[in-house]
Structures are given as C-alpha cells and as structure tokens.
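Worksheet: one structure, shown below.
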Amino acid sequence: MKRSQRERNKNGAGRYHGRFCGFSEKLTTIAFAFLAAAVLLITLYRSLSDIVVAEKMAEVSGEKMTAADGGTAEISETAVAEEPAGISGAETDVEMAMESENQTDKSETEIMNSEEIKSETERINSEEIKRVAITFDDGPHPVCTPKLLDGLKERGVCATFFVIGKNIPGNEDIIRRMDEEGHLIGNHTYDHVKISDLSVEAACEQVEKTSALIREITGKDTEYVRPPFGSWCKDLECSFEMFPVLWDVDPLDWTTKNTGDVVRRVLEAVEPDDIILLHDCYESSVDAALQIVDALTEQGYVFVTVDELILE
C-alpha cells in the first residue's frame, strides 16, 4: 500500500518534471527566435542607413565634380539642408580663402603691369628714342613752302613753322594746310624785327598782329614765338602769354645755296632733343631739309614739334 503510493508519487513527480522541462525548452526556443529576429532587424536597419548615406554622399560629390568641370551644378534645397553644418562652413572658409588669394594675385598682377607700363614709358622718354625737332623760319613762301609740305607729308613728319605776319596775306591756304597736316605754327613777328630794340607797345604789336592773322585762319591761338635774331625781352608782357623758342643747331643755311653743306653741318652737330633751325624761303634749304629728315630717320631719330620738347 505504501509502496504503491510512493510509486504513484514518484511517477507523478516525473510526469510533472517532464512537462516543466518541455515547456521550458519551448520558452527558450521562442526567446532565441525573438533575439535572432531583433538582431536581423537591427542589421538590416544599419545596412539601409549606410546605403542611404553612401547614396547621398555620392550625389553631393557628383554635383561638385560637375561644377568643377565647368557645368552648372544645382544642389537642391533639401540636399543643402541635410548637409552637415561643419562641412558647409569648411567649404565656405575654403572658398573665401581662394577668393582672397585670387584677389591678392590680381592685385600683384596689376602692380606688375603698372610697373611694366611705367618702365616702358621711361624707356620711350629716355635716350633710346632719339627725338629731334626741325623748324623753319620766315615763311610762308608761295613756292618753297608747299614743296616742303609735300616732302614732309610723304615722309610722315611734322615740323614747326615760325611765320612772318606780313607774308601771310595771299598765302592763307598754306597756313591752313600747315594746321590741317599737324604742323605747329609759331610766331616770328610781323616785320621780322629785333624785339629788344622796340618799346613794349611796339613789340607786343608785332607779336599780336601776327597771332591775330593765324587765329583768323586756323581758329587757334599762337603760343610759341621765335624772336628774330634770338633777341627776346624776358619781361615782355603782352595781351597773352607766349613761349620763346630758340634753337640748338643752326647751319646758317641763309648764307649759302649749297644743299650738301647745309646737310653736313646739321648731321655733324645734331644730338637727341635738339631743335634744328632752317628756312622755308630758300629752295636749297628745302632740299637740304628733306635730305636731313631721311638721314636722321635712318639713324633712328623721331621728329616731333617743339612743344613736345619744351613742355616735358
């Protein structure tokens, strides 16, 4: 009776233990299944996040490369909003630095160009460019002056003419041609008189009368005067200011009709920035003048009017 009871108790405990163990195993299996599913979901989520980030990085990189290749890359407002603030700030700093560097390079280039221009200007004004002014007194002459103008025009040379007032009437077209072809017209008084021997009133009349005739023809005032015989009154004050112009080379062409002698005398004496004195009322002087122009041009001289030498 007691044995049977023990056996029943034992058998009951065994069945209970077996049920408990079976139920525990099922719980363990379910737990592992949930854990595995959670791990899988987390892994998938991370993979998807990495893919999205990679695609976004590739998109932004592609747009920047397109812009670098000269394209017109346009990044959407959404992409700009999602871009990390640190990256945007860094790119802004880099762009500002590059812009500043470009401005510095530009400023340096402008300075270099300015220095080159200044150097070139100094070179042109130096002795490398030999300038000379050829001038003519006592015209206009109805025959010799037009011949001289033809020769100068053919050679592309401008000269300075100091005209006598009493020679202008009847030769207005010659004065007009001088002005139109770029020559400088100066004053040589009205009667070719020695200014220093005259009163102030008489001297001013000699200058002003000639200037009035020139102004009537050309519409321009005469600012330069060559006093006959080189005699000028420093304190002479007329109705307008005049600049006296003398000379550096005088071959005394009025004393000879030998063209060769005139040419030789000038070429032996001339130097850069000199003013040559000749007369356009002698045919021999006109022929000499054109030969002088040809010879000095071959030597590298450039012909200018006297104002370009005096005012510098």
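The table for this structure:
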{"quantity": "Listed residues MET178, MET242 arranged by accessible area, highest first, probe 1.4 Å", "calculated": "MET242, MET178"}
{"quantity": "Exposure of ASP235 as accessible area (Å², to 10), given a probe of 1.4 Å and all protein chains", "calculated": "140"}
{"quantity": "Backbone HN-Hα couplings from phi across region 198-204 [Karplus 6.51/-1.76/1.60, Hz, Gly and Pro as x]", "calculated": "9, 6, 4, 5, 5, 5, 5"}
{"quantity": "Gain on full stretching of the segment that runs from GLN299 to ALA202 - 0.36 nm per residue minus C-alpha separation", "calculated": "30.5 nm"}
{"quantity": "TYR282, TYR190, ranked by accessible area, largest first (probe 1.4 Å)", "calculated": "TYR282, TYR190"}
{"quantity": "Theoretical FRET efficiency, 1/(1+(r/R0)^6), r = Cβ-Cβ of GLU312 and GLU116, R0 30 Å, to 0.05", "calculated": "0.90"}
{"quantity": "Pairwise centroid distance, computed over Cα atoms, of region 273-312 with region 188-204, Å", "calculated": "27"}
{"quantity": "Accessible area, probe 1.4 Å, largest first, for residues LEU40, LEU309, LEU252", "calculated": "LEU40, LEU252, LEU309"}
{"quantity": "Approximate spin-label separation ASN258-LYS147, in nm, with each point projected 7 Å along Cα-to-Cβ", "calculated": "2.0"}
{"quantity": "Å² per residue, accessible surface of region 199-302 at 1.4 Å", "calculated": "52"}
{"quantity": "Accessible area of ARG176 in the full protein assembly, 1.4 Å probe (Å², nearest 10)", "calculated": "90"}
{"quantity": "Interchain or long-range residues, amide H under 5 Å from VAL225's placed H", "calculated": "ASN187, PHE243, VAL245"}
{"quantity": "Accessible surface of region 154-312, 1.4 Å probe, proportion on carbon and sulfur as whole %", "calculated": "46"}
{"quantity": "Surface accessible to a 1.4 Å probe, PHE243 within the full protein complex, Å²", "calculated": "80"}
{"quantity": "Where a label projected 7 Å from the Cα of PHE243 along Cα→Cβ would reach, residues of region 208-232 with amide N under 11 Å", "calculated": "223-225"}
{"quantity": "Cα-Cα over 22 Å, subset of LYS166/LYS194; LYS194/LYS234; LYS166/LYS220; LYS153/LYS209; LYS147/LYS194", "calculated": "LYS153/LYS209; LYS147/LYS194"}
{"quantity": "All-pairs Cα distance distribution in region 218-274, expressed in whole percent, bin size 10 Å", "calculated": "18, 35, 29, 17, 1"}
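The values are calculated or read from the model by the stated rules, or taken from the named source; none is laboratory data. Treat the numbers as computed from the prediction; the structure is a model and nothing was measured. FYI the Cβ positions are ideal-geometry reconstructions off the backbone, even for glycines, and counts take in every protein chain you see. Side chains are part of the model used for accessible areas, which takes the heavy atoms of the whole protein and leaves out ligands, DNA and RNA. Shrake-Rupley method; radii C 1.70, N 1.55, O 1.52, S 1.80 Å.
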